[in-house]
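Comments concern the structure below.
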């Protein structure tokens, strides 16, 4: 047996066993309440969180329990001041309808969890998952008896599932109480309305259950405090002490600029064993010692930074480097005491600020290392904005701004800091910092994984590293068409047609083959697994793979004799799939052309985009060649287009919905490439820069609104997209038939809710669809369906949103390996099978899929924020002044200072002080929030309104809002 030790007296009130392997002497807990039958609370030590991977990678059909709908008509959601403070920033406290959400392991009913947001934190008991305005929320019972709606992202720690008996959880809550909420009464406090609705006996039982649950929550709080005292008490016997300094010394790398990583369980284990000796204590995740360590680490963001994307799942903290700690401490002292270094920085920087604000040329200065540290911390305050921890950089940044005497009567927020950085010649007006944010998030993810050493090294091979399949490659004899936008640089795919004697067709999709030059364990491949996708932002592109890979000739059509992967499908004229195959080949030549050219030659009536803010005169010419298409090419492309129509018709015959319009495409026309990562200390310049453009008003934009409905009209771009879907399906079939674990995409059908009208059930919506599964957005909003998020599984699962309802073949991505890690990984697995080698086992695939999913979400957020940032910047520019010179304006030009006509496309979301109603403005191609003070429900979905631009802001988060005209 493993050695065991006794626990301190206070600990025994909650737990009998400490991690099973270490504490046999703990006694069974005494009753927490005379009439309470708490499940074995000792499991707070010994029961870990159930496997997230098992749930995440299970077939979707097995993850979606039956939903129970709850009627709820919002009028005025009652809430306490404390709850309003918690949700006043950006969340809703009520909506047009509620329905129970889907339970997930770790946050399912009965879990005791910790939530953090906006500087407020605490524990609570999850009572039920619900939907509010179509968004997943959790009803949380607080120790005070209040009930809050929180998001899963707010949950930072989850206790063992057996801490609270299931029966007690169900006794604490009644779905009918939502009716009280609708009348503006607090469902967390007993009232006469409770009894009237539930009856006196049921109400009394519910309140008794809540008292028992609250007793348990308060006990957890007390025992957490006791465990914190034990962990931070240090140790005389060990000679090296304990507490936070011992943690930092143990997990901060010796390399001064290297960041480390630690989990709460590892931290607890180190501190519990500070005495040394033979009786080592092992700490499992999601137990009380781990939670106490979690709380301790959360309090010290100057040393430990919580995982800002997946704290609940990972429990991981980033350990600041030793130099980062030194910089924080030195700057804190300088700000607190108006130190000489800060005074020198202000003296040197003040003339730069004055010159920038007066439009004068700046004086020549050179920053010292200490001054570059100040600038670095100013920039870092624009990144560390997640409010689960109070980052010390914000106080430092505010102190620096005050030292400059800037905005003395104004709240010092990120917009003031960004303005100071611009005036100091650090932040160009053409850099939203979103490229840097994406890069920094990747760097921190790498450091949390402890894989820093593995991602450093060569950028990628210029010569092939995988030639095992070269002997199987055959020359591609047919014409291959590589079609994309003129500005596209990474050309992943080409399409081809082969006509068969029996009237059927082989459709071949040829894909670039970067894995011929890149092994799955190469540094560039490992880094790509964290970045997940190339970033295409208005101010510039961040590629997924180094350009030097394959000597820079991986894009299809860039050279003769390129290696390629080919996904082929034989179909008939009706679009039925008859056969498929996967192969490798040599692409000897390709026809490279554009969507517009193909549409024009096929005679398709594709309406050009609209430019509501004008189009820059003398635009840049296409960046790549546009080969001449022969009559035979036009015939083949026309047939491929016809086949795409019938293929999509078959695909969405019984499933799939598509609505909304294509988002406007905003680009900066005069922006230099942004810095790779302004949040790196090494990126801080020694000299202030002179920028071009010099001011935000000088930024030139291209804002194009697509006008063709790509779902009802099959153009060249939708033809290519549909054939890529076909190729991905072929790749999925290859993996499914051979039992190869892969990253299968999965979605389930949306569910009707209690507020779904009979005229707009899911079945009715499927009947209302037009070509390509298209349906009007207002119809989807009227339906008030419950949509579930997509998932990645390691085995085939249905992908309802794409029209694939079977769970035998599934769907994977394999057609964009130059841009997405998922596709790269599919190539490695498929090529290993083709070569007769070993594929990666399921457990490793699951781990990579989890990493890829997180990276994908980070990239989506960065892309969304960048587009919102520059759209807000464009609106602010055009609202403030006359139309700029150098633009051609057509009849569709919009004056954002005037009245804008829009359509209500959703129910209002309400906070403590305002209502926000989504309104689609066709002239701008955007859905914006129409804000009203107070709580309003008078705007109906589908109603047209006249609105004016209300607020535009760039920092701390991009925002554009409307007000009623």
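The values are calculated or read from the model by the stated rules, or taken from the named source; none is laboratory data. From a predicted model like this one, the values you see are computed outputs, not experimental measurements. Don't worry about glycine lacking a Cβ; one is built from the backbone with ideal geometry, like all the others, and counts go over all protein chains shown.
Considering only the range 617-632, state which residues are modelled with pLDDT of 85 or more and surrounded by 18 or more Cβ atoms within 10 Å (Cβ to Cβ). Explain how you work it out, then say what you get.
Start the filter on the range 617-632 by keeping residues that are modelled with pLDDT of 85 or more, which leaves 626-632.
Selection gives 629 alone.
Could you say whether any residue in the range 648-659 is touching a residue at least 24 places away in the same chain (Cβ under 8 Å) and over 33 Å from the mean Cα position of the chain (by Cα)? Show your work before the answer.
Restricting attention to the range 648-659, the residues satisfying the condition of being touching a residue at least 24 places away in the same chain (Cβ under 8 Å) are 648-659.
Going one step further and asking which of them are over 33 Å from the mean Cα position of the chain (by Cα), we end up with none.
No - not one qualifying residue is present in the range 648-659.
In the range 364-377, what residues are surrounded by fewer than 21 Cβ atoms within 10 Å (Cβ to Cβ) and either under 12 Å from residue 424 (Cβ atoms) or touching a strand residue (DSSP E or B) at 6+ places or on another chain (Cβ under 8 Å) (or both)? I'd like the intermediate steps shown before the answer.
First, the residues of the range 364-377 that are surrounded by fewer than 21 Cβ atoms within 10 Å (Cβ to Cβ): 364-366, 368-370, 372.
Result: 365, 372.
For residue 573, all conditions in the list (1) buried (at least 18 other Cβ atoms within 10 Å of the Cβ); (2) in contact with a helix residue (DSSP H, G or I) (Cβ under 8 Å, 6 or more places away or on another chain); (3) not in a strand (DSSP E or B) hold save one; what is the number of the exception?
(1)
With 741, 763 as the choices, which residue is farther than 30 Å from residue 482 by Cβ, part of a loop (DSSP other than H, G, I, E, B) and modelled with pLDDT of 95 or more?
741
This table checks each residue for (1) over 31 Å from the mean Cα position of the chain (by Cα); (2) at positive phi; (3) not in a loop (DSSP other than H, G, I, E, B).
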position	(1), (2), (3)
536	no, no, yes
554	no, no, no
560	yes, no, no
566	yes, no, yes
581	yes, no, yes
589	yes, no, no
592	yes, no, yes
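Which count do you get for residues in the range 291-311 that are in contact (Cβ under 8 Å) with a residue 60 or more places away in the chain and either farther than 26 Å from residue 393 by Cβ or touching a helix residue (DSSP H, G or I) at 6+ places or on another chain (Cβ under 7 Å) (or both)? Walk me through how you get there before you give the answer.
From the range 291-311, those in contact (Cβ under 8 Å) with a residue 60 or more places away in the chain are 291-296, 298, 301-302, 305-311; that's our starting set.
Next cut, either farther than 26 Å from residue 393 by Cβ or touching a helix residue (DSSP H, G or I) at 6+ places or on another chain (Cβ under 7 Å) (or both) only: 291-296, 301-302, 306-307, 309-310.
The qualifying residues number 12.
When you go through 579, 560 one by one, which is the residue that is at pLDDT 95 or above, exposed (fewer than 13 other Cβ atoms within 10 Å of the Cβ) and either in the same structural domain as residue 703 (by TED's automatic domain parsing) or under 24 Å from residue 492 (Cα atoms) (or both)? Walk me through how you get there before you give the answer.
Details: 560 fails: at pLDDT 95 or above.
Within the list 579, 560, the selection yields 579.
Do we have any residue at all in the range 689-705 that's without any contact (Cβ under 8 Å) to a residue 24 or more places away in the chain and outside any helix (DSSP H, G or I)? Full working, then the answer.
First, pick out the residues of the range 689-705 that are without any contact (Cβ under 8 Å) to a residue 24 or more places away in the chain: 692.
Add one more test, that the residue is outside any helix (DSSP H, G or I), and what stays is 692.
Yes.
With (1) under 17 Å from residue 400 (Cβ atoms); (2) surrounded by fewer than 16 Cβ atoms within 10 Å (Cβ to Cβ); (3) at pLDDT 95 or above as the list, and residue 337 as the residue in question, which single condition is left unmet?
Condition (3) is where residue 337 drops out.
Yes or no, residue by residue, for (1) in a helix (DSSP H, G or I); (2) crowded, with 19+ Cβ neighbours inside 10 Å; (3) in contact with a strand residue (DSSP E or B) (Cβ under 7 Å, 6 or more places away or on another chain):
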{"site": "486", "(1), (2), (3)": "no, no, yes"}
{"site": "495", "(1), (2), (3)": "no, yes, yes"}
{"site": "502", "(1), (2), (3)": "no, no, no"}
{"site": "507", "(1), (2), (3)": "no, yes, yes"}
{"site": "515", "(1), (2), (3)": "yes, yes, no"}
{"site": "519", "(1), (2), (3)": "no, no, no"}
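If you go through the range 928-949, how many residues are touching a residue at least 60 places away in the same chain (Cβ under 8 Å), under 19 Å from residue 782 (Cβ atoms) and touching a strand residue (DSSP E or B) at 6+ places or on another chain (Cβ under 6 Å)? Steps first, please.
Just the residues of the range 928-949 that are touching a residue at least 60 places away in the same chain (Cβ under 8 Å), to begin with: 935, 937, 941-942, 949.
Applying the additional criterion that residues be under 19 Å from residue 782 (Cβ atoms) yields 937, 941-942.
From what's left, touching a strand residue (DSSP E or B) at 6+ places or on another chain (Cβ under 6 Å): 941.
Going through the range 928-949 one residue at a time, the tally reaches 1.
What about residue 866, is it touching a helix residue (DSSP H, G or I) at 6+ places or on another chain (Cβ under 7 Å) and either surrounded by 21 or more Cβ atoms within 10 Å (Cβ to Cβ) or free of Cβ contacts under 8 Å to residues at least 24 places away in the same chain (or both)? Walk me through it before giving the result.
Details: touching a helix residue (DSSP H, G or I) at 6+ places or on another chain (Cβ under 7 Å): yes; either surrounded by 21 or more Cβ atoms within 10 Å (Cβ to Cβ) or free of Cβ contacts under 8 Å to residues at least 24 places away in the same chain (or both): yes.
Considered against the rule, which asks whether it is touching a helix residue (DSSP H, G or I) at 6+ places or on another chain (Cβ under 7 Å) and either surrounded by 21 or more Cβ atoms within 10 Å (Cβ to Cβ) or free of Cβ contacts under 8 Å to residues at least 24 places away in the same chain (or both), residue 866 comes out as yes.
Out of everything in the range 234-247 that is touching a helix residue (DSSP H, G or I) at 6+ places or on another chain (Cβ under 8 Å) and modelled with pLDDT of 80 or more, what residue ends up being nearest to residue 318 (Cα to Cα)? Walk me through it before giving the result.
In the first step, residues of the range 234-247 are kept if they are touching a helix residue (DSSP H, G or I) at 6+ places or on another chain (Cβ under 8 Å); the result is 234, 240, 242-244, 246-247.
Next, only the ones that are modelled with pLDDT of 80 or more stay: 243-244, 246-247.
Working: 243: 17, 244: 14, 246: 16, 247: 12 Å.
Among those that are touching a helix residue (DSSP H, G or I) at 6+ places or on another chain (Cβ under 8 Å) and modelled with pLDDT of 80 or more, it is 247.
Conditions: (1) buried (at least 17 other Cβ atoms within 10 Å of the Cβ); (2) outside any strand (DSSP E or B); (3) modelled with pLDDT of 90 or more; (4) out of contact with any helix residue (DSSP H, G or I) (no Cβ under 6 Å at 6 or more places or on another chain). Residue 755 meets all but one. Number of the miss?
(3)
Here are some residues: 197, 217, 177. Which one is under 19 Å from residue 124 (Cβ atoms), modelled with pLDDT under 90 and surrounded by 14 or more Cβ atoms within 10 Å (Cβ to Cβ)?
Numbers: 197 fails: under 19 Å from residue 124 (Cβ atoms); 217 fails: modelled with pLDDT under 90.
Matching residue, one of 197, 217, 177: 177.
Hey, can you tell me all the residues within the range 347-363 that are surrounded by fewer than 17 Cβ atoms within 10 Å (Cβ to Cβ) and part of a helix (DSSP H, G or I)? Lay out the reasoning, then the answer.
Applying the first criterion (surrounded by fewer than 17 Cβ atoms within 10 Å (Cβ to Cβ)) to the range 347-363 yields 347, 350-351, 354-355, 357-361, 363.
If the condition is that a residue be surrounded by fewer than 17 Cβ atoms within 10 Å (Cβ to Cβ) and part of a helix (DSSP H, G or I), then 347, 350, 351, 354, 355, 357, 358 are the ones that fit.
Please determine whether any residue of the range 760-781 is farther than 27 Å from residue 662 by Cβ, out of contact with any strand residue (DSSP E or B) (no Cβ under 8 Å at 6 or more places or on another chain) and surrounded by fewer than 21 Cβ atoms within 10 Å (Cβ to Cβ). Lay out the reasoning, then the answer.
Restricting attention to the range 760-781, the residues satisfying the condition of being farther than 27 Å from residue 662 by Cβ are 761, 763.
Restricting the remaining residues to those that are out of contact with any strand residue (DSSP E or B) (no Cβ under 8 Å at 6 or more places or on another chain) gives 761, 763.
Narrowing the set further to residues that are surrounded by fewer than 21 Cβ atoms within 10 Å (Cβ to Cβ) leaves 761, 763.
Looking for residues that are farther than 27 Å from residue 662 by Cβ, out of contact with any strand residue (DSSP E or B) (no Cβ under 8 Å at 6 or more places or on another chain) and surrounded by fewer than 21 Cβ atoms within 10 Å (Cβ to Cβ), one finds at least one in the range 760-781, hence yes.
Take the residues in the range 465-476 that are in contact (Cβ under 8 Å) with a residue 60 or more places away in the chain and either assigned to a loop (DSSP other than H, G, I, E, B) or touching a strand residue (DSSP E or B) at 6+ places or on another chain (Cβ under 7 Å) (or both), then tell me which one is nearest to residue 591 (Cα to Cα).
Step one: of the range 465-476, the residues in contact (Cβ under 8 Å) with a residue 60 or more places away in the chain are 466, 468-470, 472-476.
The next check asks that each one be either assigned to a loop (DSSP other than H, G, I, E, B) or touching a strand residue (DSSP E or B) at 6+ places or on another chain (Cβ under 7 Å) (or both); those that pass are 466, 468-469, 472-476.
Details: 466: 27, 468: 28, 469: 25, 472: 24, 473: 21, 474: 19, 475: 16, 476: 13 Å.
Among them, the one singled out is 476.
Do we have any residue at all in the range 797-807 that's in contact with a strand residue (DSSP E or B) (Cβ under 7 Å, 6 or more places away or on another chain), touching a residue at least 60 places away in the same chain (Cβ under 8 Å), in a loop (DSSP other than H, G, I, E, B) and closer than 17 Å to residue 750 by Cα?
yes
When the residues of the range 538-552 are filtered to those that are part of a strand (DSSP E or B) and in contact (Cβ under 8 Å) with a residue 60 or more places away in the chain, which remaining residue is nearest to residue 439 (Cα to Cα)? Full working, then the answer.
Taking the range 538-552 first, the residues part of a strand (DSSP E or B) are 540-542.
Checking the rest, the ones that are also in contact (Cβ under 8 Å) with a residue 60 or more places away in the chain come to 540, 542.
Values: 540: 13, 542: 9 Å.
Within the range 538-552, the match that is nearest to residue 439 (Cα to Cα) is 542.
Could you check the range 393-434 and list, in sequence order, the residues that are closer than 30 Å to residue 530 by Cα, out of contact with any helix residue (DSSP H, G or I) (no Cβ under 8 Å at 6 or more places or on another chain) and part of a helix (DSSP H, G or I)?
Selection gives 394, 414, 415, 418.
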